[in-house]
Amino acid sequence: MGAKRWVGMRITRRGLLRSAGMALGAVPLAKWGPNALDLGRKVLATGGPGTVPQVEPVFAQPANGMNVILVVLDTLRKDYVGAYGNPWVQTPTLDEVAARGTRFERVVPESLPTIPVRRALHTGIRTFPFRDWEQQKGDTVGLLGWQRIPEQQTTLAEILSNSGYTTALISDTPHLYGPSMNFHRGFGSFRWIRGQHGDSYRPSRAADADRLDGYLTEPLRGSRWHPALVQYVANTDGRSGEDDWLAPRVFIEAMGLLEDAADLGPFFLMVDSFDPHEPWDPPSRYIGLYDEATIDGPEPVTPFYGNSAYLDEPQLERMKKLYAAEVSMVDAWLGRFLDRVDNLGLLDSTLLVVVSDHGILLGEHGITGKPSFALWPEVVDVPLLISHPDHRTAGVHEDYVSTHDLAPTILAALGIDLPPWMNGRDLMPYVTDPSPETDDLTIATSAFNDWLMVRTGRYELQARDDLSQVRLYDILDDPGREHLLDDRPTAEELYDRLVAELGNPLVY
């Protein structure tokens, strides 16, 4: 990759803030412990009733020294990326990553939304079926599977820390640092960027009333989404330069972490950006890429999760363009970050993985947002790009892959044996060989709260987890999912294949 620069919209900024040094160091290497096969963690000591056992990761081995950067972009639709065929949304950085590496065409999150996806990303372990779920203290979301990484599960960061890696996490995704969560576990350094949608960062009463009225479309006013939007307006008051926006702040901070970690390598850096999640209110120059016009009434920066009839056609088109503008802003700042990787001479020693957790509906199927029943491709089909430092370009692959495959893939790339408790697949054969000899996965499964999705080469089933409210499509003849099939036996067969794939019944 050498001297060729990562392309993207270049943003001039003087005096990038360099982060203070990280108190990082490699944890001494550990070895397999007696409980590793079952739990992946070793209990060191237990106290009396009600105490939390002290545990440590028990799997580690020296790696090959390759660095890893894992970038998660929340709510990025695959079909809004140029490399995936979009002709009008400007994503030059993502397109360049795809051109230099491997693009996976059929990627479905193991389960969703935000927290279940990240549990699988951090552990390489399926989260669905959502067993033993209890709504945790401080959790205002209340979806099945929305819980912290179980204490008995070992994270990718813990494994790499114990293999001598410097590990760091930077994120503005508010759910990761909410009450009862522990997604920073295993990272030697972690930094939270505050102020996103719903994050109780500033007093909500400080929200500017006029700006808020400019965002409150009906029926958002008085809905469950109203308080989160009020909080966002309060949190983002006083923005002036572009680097005051949240995605730029994440990548600026990531640049500082990168420079520190580069001196302590090898390193694993995870950059988890909540954008392009709503609200979609990027600087005006990004909106100007798509729409110079204004509309009557409030800007549709946040969708109502349900029927899209509350927006007329011009408002829906405006929402799509605001979302596209947010995507382009994130792409531009990802480009600046990757330029810093290049300038530090790290491209030839770093595995880069870019993935999203889910998409969002912008009026398709008559729905906006991502209610849990909305398991159409606009929500469940996500981008996955992997760029290998050996300049390998394995092209495009059509097999079904999933988000819990990434932790095993990263370990395999580093030459670390895969722990037996990980049930994701190693995707490195796709990255190193245009025609890999693999066991083709012919079924994709996902779940969202009490809904599930099963997709084969021909059919797609969407239904509640008790196989009620069935939606069955022939996706070869009807790729737009416009016509329901009345074929209960096929629906039951797909449901049975899901149970077989998971290895146990869908009970909670």
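The values are calculated or read from the model by the stated rules, or taken from the named source; none is laboratory data. None of these values were measured; they are calculated from a predicted model. Here Cβ is always computed from backbone atoms with ideal geometry, including for glycine, and neighbour counts include all displayed protein chains. Accessible surface areas use protein heavy atoms only, side chains included; no ligands, DNA or RNA. Shrake-Rupley method; radii C 1.70, N 1.55, O 1.52, S 1.80 Å.
Across the chain, counting alpha-carbon atoms alone, Rg and Dmax equal 22.1, 66 Å. Solvent-accessible surface of the chain, averaged per residue with a 1.4 angstrom probe and all protein chains in place: 38 square angstrom.
On the basis of the beta-carbon distance and an R0 of 56 Å, T442 and E292 show a calculated FRET efficiency of 0.75. A simple spin-label model places pseudo-atoms 7 Å from Cα toward Cβ; at R285 and E313 they are separated by 3.4 nm.
The charge dipole of the range 87-234, taken about the Cα centre with unit charges on the Cβ atoms of Lys, Arg (+1) and Asp, Glu (-1), comes to about 220 debye, rounded to the nearest 20.
Candidates L229, S111, F128 compared by Cα position along the dipole of the chain: farthest toward the positive end lies L229, with charges placed on Cβ. By the equivalent-ellipsoid construction on the alpha carbon gyration tensor, the range 346-401 comes out with semi-axes of 32, 12, 8 Å, ordered largest to smallest.
For the set D348, D272, D291, solvent exposure ranked by accessible area (probe 1.4 Å, protein chains only) runs largest to smallest as D348, D291, D272. Based on DSSP H segments of at least four residues, each scored -39500 (n - 2.57), the chain has a per-residue ellipticity at 222 nm of -7000 deg cm²/dmol. Computed with a 1.4 Å probe over protein heavy atoms only, the accessible area of S372 comes to about 30 Å². When only Cα pairs below 8 angstrom with a gap of at least 6 residues are kept, the range 92-241 shows a relative contact order of 16 percent. Full extension of the segment from L502 to R131, taken as 0.36 nm per residue of separation minus the current Cα-Cα distance, would add 132.3 nm.
Distance between the 7 Å Cα→Cβ label points at H483 and T456: 2.0 nm. Placing +1 on the Cβ of every Lys and Arg and -1 on the Cβ of every Asp and Glu, with no other charges, gives the chain a dipole of roughly 1620 debye about its Cα centre.
Within the chain, which DSSP H helices have Cα atoms that stretch 18 Å or more along the helix axis and a mean Kyte-Doolittle hydropathy of at least -1.0? Display every interim value, and only then the final one.
Numbers: long enough: 246-262 (24 Å, 0.88); 313-343 (45 Å, -0.47); 488-502 (21 Å, -0.49).
Helices passing the filter in the chain: 246-262, 313-343, 488-502.
P(r) for the range 406-508, from all Cα pairs and a bin width of 10 Å, is 13, 36, 28, 19, 3 %, short bins first.
Sorted from greatest to least, the principal axis extents spanned by the alpha carbons of the range 400-443 come out as 25, 23, 15 Å. Each residue was assigned an accessible area with a 1.4 Å probe, and for H184 the value is about 60 Å². Accessible surface comparison of W225, W146, probe 1.4 Å, protein chains only, largest first: the order is W225, W146. The share of accessible area on the chain that comes from carbon and sulfur is 50 percent, using a 1.4 angstrom probe. If the convex hull of the alpha-carbon atoms of the range 426-466 is projected onto planes in all directions, what is the mean projected area in square nanometres? Seen from a random direction, the Cα hull of the range 426-466 projects 4.1 nm² on average.
For the range 182-327, state the semi-axes of the equivalent ellipsoid (square roots of 5 times the eigenvalues of the alpha-carbon gyration tensor), sorted largest first and rounded to whole angstrom.
Value: 32, 18, 14 Å, ordered largest first.
Counting 0.36 nm for each residue step from R224 to D348 and taking away their Cα separation leaves a gain of 39.9 nm.
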